[in-house]
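Notes for the one structure printed next.
Derivation of every value follows stated rules applied to the coordinates shown; laboratory data play no part. Quick caveat: nothing in here was measured; it's all calculated off a predicted structure. Glycine gets a Cβ as well: all are built from the backbone with ideal geometry, and neighbour counts include every protein chain shown.
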Amino acid sequence: MTDDRSKTTPTAEPIAATGRTITGRTLVLATVGTIVLVTAVFGGVLGFLLPRHAELESVTVNGATVVVSPITGALYGAVTIGCVLLTLVAVVMVVSRVGNRTSE
């Protein structure tokens, strides 16, 4: 019996060997997703630590009182940073398209 492994593609193949490329858009979205995830984790940690060490039970944001907890800290951090970063990405995409139209 012969070994036919050379004819099959291994699952853990490097990206360059598979012919797939990482586009700029994919890289930017992956970076934004990672930053939002890290911010959510940091917000969750703050939401856990603040009530215990600073005796902070609730926070008022724009007239709405919110109980400080890991979930609310994570949600607040992720939504805030996500909105800011996605707005910046949208602005860059629009400027890029306008720039491409004027250069043609």
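Some values worked out for this structure:
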| item | result |
| --- | --- |
| Label-point separation in nm, V61 to T21, each point 7 Å along Cα→Cβ | 4.1 |
| R52-V92 FRET efficiency (beta carbon distance; Förster radius 41 Å; 0.05 resolution) | 0.55 |
